[in-house]
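A quick write-up on the structure given underneath.
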Amino acid sequence: MNLLTVSGSPHIHGNQNVNKIMWQVVLAMIPAMLVSFWYFGLSSIVLTFIAIIGAICVEYLISKFILKTPPTIHDGSAVITAILLAFNVPSSTPWWQMLIGITFAIAIAKMTYGGLGKNPFNPALAGRVFMLISFPVDMTTWPKPGLPFNTMNFAVDGLTGPTSLGIVKEGLAKGDTMAQVTSQLPDYGQMFMGQIGGSLGEVSAAALILGGLFLLVRKVITWHIPVSFLLSAFVFAGILYLVDPTQYIDPVFHLLAGGMMLGAFFMATDMVTSPMSVKGQILFGVGCGVLTILIRVWGAYPEGVSFAILIMNAFTPLINKGFKPKSFGR
Amino acid sequence: MLKTFKIGGAHPEESKYSANSAIEVIEAPATVYVMMNQNLGAPSVPVVAKGDKVKTGQLIAKGEAFISAAVHSPVSGVVEKIDAWTDASGYRKPVVIITREGDEWAEGIDTSDTLVKEIKASKEEIIDIIKNSGIVGLGGATFPTHVKMAVPQGEIAEYLIINAVECEPYLTSDHRLMLEKGEEILIGVQILMKALNVTKAIIGIENNKTDAIDHLTGIAKNYPGIAVQGLTVKYPQGAEKQLIAAVLNRQVPSGKLPIEVGCVVQNVGTTFAVYEAVQKNKPLVERIVTVTGKKVSKPSNFKVRIGTPVSLLIEKAGGIPEGSGKVINGGPMMGKAMINMDVPVTKGTSGLVIFDEKESKRPVVANCIRCARCTMVCPMGLQPFLLAGAMEHDNVELVEKNHVMDCMECGTCHYTCPSNRPLLDMLRLGKSKVGEIIRSRKN
Amino acid sequence: MNTIILAVIVLSAVGLVFAIIIYGVDLKFQVFEDPKIDVVAEFLPGANCGGCGYAGCRNFAEAIVKAGNMDSLFCPVGGNAIVKDISAALGIEAVERAPQVAVIRCNGSLANAPQKIKYDGVQKCSFAHSLSSGETGCPNGCLGLGDCVESCQFDAMYMDKATGLPIIIEDKCTSCGACVKSCPRKIIELRNKGPKSKRIFVSCVNTEKGVLSKKNCAVACIGCGKCVKSCPHDAITLVNNLAYINFEKCKLCRKCVTECPTTAIWEINFPARKAETAATENENSVN
């Protein structure tokens, strides 16, 4: 008979593992991916593809040759970062900018800290902000949706336009009345399904909510962060709307516009960069929601989700220190 | 209505392959190896010498310290030698080796199966009998029962709680004991109630043993004050603090004993041993051991004498399966992996679980992904990721401040971690280091 | 133009004010340090290994200056060379010590002590030791997981893959004692390096009776006592079934090495024996 194995207890293991968690998140993002392929066509497919291949190559090369640890590309976390970053860019982004962005996201925002589990900031958001600062024009040119599988690049006059949030911000800044602004906006139905301008992944609230529900049912994420994020944003925007409906747009618009759904279900819930306790997670969600509305209403940018989440990521270690779970017998 | 504890917990696969195997008696072997340290606390001191003739049930070692227990001979025969023998971990510990000759029981011991209902012993006599019978907690912790039964001055016991939870996967010895010796167990509960001067007893049973719940509920109708409480299946409900929280919704304060909330908890196997000791004058010389595993041909529950080599039990269960990789003494969550099969059965051996090669290997370790699942499942409300991470960097102060000494080493965190991190190993290291510091502070 | 000049003046004034404040604070809160500490610290190797028992080289220098002598203060890394330098610089008497080296007192290699179980867990000696007696069955033997190699700050150790035992590179070992502390079974010892680096020691720390130790390992010390009887200098003692050679008393005559029936005693850096006694030479002579 073979030698007996001796190890410390416990001797059995649950069936959860990192691969399962990560690939389920990828699965949850597929509805939004399909919507982006449908509305934005070939360029969307190409950009997503470049992001995924780029992420896998960068992570593999760095872990094998620089960190000299066994490569972990099979766990799916690089693919998640790639798809999330692709979700955050316009479909007219040049392929080489996508490559630079994903390289920054994986190499700088994740691998320099030691790989999965050690990064303080969400790598996809860090990559997105890096691209925004480096390529401001390309990153704020939003092709209009609806011409599937046609040409590669939509950055032609007449076929691009501001996003819904952009319309609101620029309109109010120009001095238009709220009525004039809202007449230019797409209706809620279009915003829910995704037939609007925006980055690849953020347009369809329906697809994102579907993915989010899948994750909740499979217990990959808990409800605390998405609900507190969306609820606090809704309440804050609602208060502003009630105070002055001519200055502030209604809260339902805020929920459906921009990256709110994407951020609440997929970005803020990133386990590595969010707090570990329930109370901490709720505080995190509330912070994200409030900051998003603040930046959207009073900030220089029309969209605030990325920055709000990154700012709250910075507070996560402090939140972890402040909120401990309920001890037994104390 | 099923109850359970609120904080943490997980549900491993139950794998109760031997649940339907009636208890089989294994004859006493030719040689028994009676370890001198079969309980928590100080080892027992032999009172026999090489060459002495002994009868079954005769005292062979005394418990001299406050927390210690007596040990009785499991067979009749001659003391071969007083030496050392390897225990489950491979380190040699003191043992008394006895060669069997016949099976003559010591004077006054009733070995029949007749039920003795009337409890003649008084409250004080009961605890003395328990002490002299060498009874320790048979759930696996092996804490000397007479010490647990001695309620300290100023404390009053309100409830006796019987731990029939058996939350460890694979193990079924308590289950079979309840089905086959239910009435004896209830008499045992009455004896314990008398000794503690309580009028209320609750038997906690998990809901994967509905036949036992029904059986005992039926018998308990004739025993006033004894209630049977069904519990949702959740690990580690068999831990006494979690059991008290489940049954009475009271939390034992950190660092204190259950008597602090008016409870005394005893395992159902221990209760049966108390019945035998008080009603039949029979000391603790045998126990029920489950032998099980996915590939074991005959998963069984055996009644064996203490000191029987484990290899004999495995043989009777169909032999060690081809391609086995690990033999666990106890359950798969908290048991010890054995180094060989010459190790003898002790008072704390609740079962033997045999794994094949594939089940024996630990999965590959990955980075902590900060998912907080370990924190969500910890029944003591600790943060295993924080404690394990601190131990990797030798930060003993942080570990002490975050209550590592509350950890009961149940292994739920390690079981749940998606990255397969060795959380319990780190926690054990943390506990031993902090324990050392606390001891040196006292001096 | 005026704004530039104004800006320069204002910034210079602010700078000057802060400079004065900083100077004043430095004067008021200056920590007096004995200049001798700097002198001593110059000579120290700067490795901050803790081998001296102090928290870093500067702490050690402070201790010397405070004590005024080097009686119980010794830096194993710098050794006798710096003892001379420091005692000369401070004008104090100092005694040199015999150079030492770390020695692995176990020869339970994969060949000598066959594997009886597989250890699967955290690959550190401290964990393996607390879990079981080890893969060979010998409760005192080397576990081969390299806690000692990891503790060495001078790159003087490596694990020999063929034997599963650690190897100490003599020339790099500074006898700082880190590996000694790291071994949970106290297998490593600091012994005198010996004249021309020659030394003899019992390569076993097993305290079980001979019958048991031989069962687990072919080259264990069985406590037979032949070495004790053979030693003309009374350097060997037998306690708990284990022989121990006192390196202060050992005169390196090598009689014990040939007497040992299990070849548990090692001789290091000796020349090959002469022809008549070549028959008694054993594999444990490392030249």
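Just so you know, all these numbers are worked out from the coordinates, no wet-lab data involved. Everything numeric here is computed off the predicted structure, so don't read it as measured data. Glycine gets a Cβ as well: all are built from the backbone with ideal geometry, and neighbour counts include every protein chain shown.
Overview of results
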item	result
Spin-label pair A:PHE65/A:TRP95, simplified geometry with 7 Å Cα→Cβ offset, distance in nm	2.2 nm
Alpha-carbon centroids, region A:309-330 and region C:178-217: separation in whole Å	49 Å
Using θ = phi - 60° and Karplus 6.51 cos²θ - 1.76 cosθ + 1.60, couplings along region B:191-199 (whole Hz; Gly, Pro as x)	4, 5, 4, 5, 5, 8, 6, 10, 10
Label zone at A:LEU294 (point 7 Å along Cα-to-Cβ), backbone N below 18 Å, region A:224-253	A:228-241
Rounded, prolate or oblate (a/c below 1.5 giving rounded, otherwise prolate when a/b exceeds b/c) for region A:43-201 by Cα gyration tensor	prolate
Derived scalar couplings ³J(HN,Hα) [region C:44-50; Karplus, 6.51 cos²θ - 1.76 cosθ + 1.60; whole Hz; x for Gly, Pro]	6, x, x, 7, 6, 8, x
Sequence-distant aspartates and glutamates (8 or more away, or on other chains) whose Cα lies within less than 13 Å of B:LYS256	B:GLU155, B:GLU240, B:ASP406
Three-way shape label, region B:123-280, alpha-carbon gyration tensor, a/c 1.5	rounded
C:LEU238 versus A:ASN15: modelled label distance in nm, points set 7 Å from Cα along the beta carbon direction	6.1 nm
Residues B:ALA42 and B:SER122, FRET efficiency given R0 of 35 Å [Cβ-Cβ distance, rounded to 0.05]	0.75
Debye equation applied to the C-alpha atoms of chain A, log10 I(q)/I(0) at 0.07, 0.11, 0.14 Å⁻¹	-0.29, -0.70, -1.11
Whole-number Å³ per residue for the convex hull built on Cα positions in region A:161-283	112 Å³
Under the span-like rule (Cα at least 20 Å along the axis, Kyte-Doolittle mean at least -0.5), DSSP H helices of chain C	C:2-28
Low-density loop cleavage sites - GluC sites (Glu not before Pro) in region C:30-93, where at most 12 other Cβ are within 10 Å (DSSP)	C:GLU33, C:GLU93
Reference-scaled alpha-carbon Rg (2.2 N^0.38 Å with N residues) for the protein assembly as shown	1.17
Loop GluC sites (Glu not before Pro), region B:128-207, which have at most 14 other Cβ atoms in a 10 Å radius of their Cβ (DSSP)	B:GLU155
Rounded Å value of the spacing that divides the Cα centres of region A:176-237 and region B:358-399	36 Å
Gyration tensor (alpha-carbon) shape descriptor, chain B, a/c threshold 1.5	rounded
Modelled FRET efficiency - R0 56 Å, A:GLU170 with C:GLU93, Cβ distances, 0.05 increments	0.05
Alpha-carbon radius of gyration plus Dmax, which is the widest Cα pair, for region A:276-320 in Å	10.8, 33
Kirkwood Rh in Å, taken over region B:252-403 so that all alpha-carbon pairs contribute	19.0 Å
Stokes-Einstein D in µm²/s, Kirkwood radius over Cα pairs - region C:100-286 at 25 °C with 0.890 mPa s viscosity	145 µm²/s
Inter-centroid distance (Cα atoms) of region B:153-211 relative to region A:1-48, Å	45 Å
Descending semi-axes in whole angstrom, ellipsoid equivalent of region A:232-323, from the Cα gyration tensor	25, 13, 11
Rounded to 5, percent antiparallel among DSSP beta bridges of the protein assembly as shown	65 percent
Relative contact order computed over region A:164-322 (Cα-Cα under 8 Å; 6+ residues apart), in percent	24 percent
Label-to-label distance, nm, for residues given as C:GLU42 and B:LYS303 (7 Å Cα→Cβ offset)	8.7 nm
Gain in span if fully extended, C:LYS181 to C:THR207, counting 0.36 nm per residue against the direct Cα distance	7.4 nm
Radius of gyration, Dmax [region B:373-442; alpha carbons; angstrom]	11.4, 39
For a label point 7 Å along the Cα-to-beta-carbon line of B:LEU115, residues of region B:217-237 with backbone N under 20 Å	B:217-229
Cα-Cα over 28 Å, subset of A:LYS68/C:LYS193; C:LYS118/C:LYS181; B:LYS181/B:LYS298; B:LYS181/B:LYS241; B:LYS93/B:LYS326	A:LYS68/C:LYS193
Antiparallel bridges, percent of DSSP beta bridges restricted to chain C (to nearest 5)	90 percent
Built amide H within the under 5 Å cut-off of B:TRP85, gap 5+	B:LYS93, B:VAL95
D (Stokes-Einstein, µm²/s), Kirkwood Cα radius, region B:25-100, 1.306 mPa s at 10 °C	126 µm²/s
Convex hull of region C:19-79 built on C-alpha atoms - directionally averaged projected area, nm²	5.2 nm²
Amide N proximity, region C:83-127 versus C:GLU150 label position 7 Å along Cα-to-Cβ, cut-off under 18 Å	C:119-127
Sites A:ALA179 and A:PHE49, calculated FRET efficiency, Cβ-Cβ separation with R0 56 Å, nearest 0.05	0.85
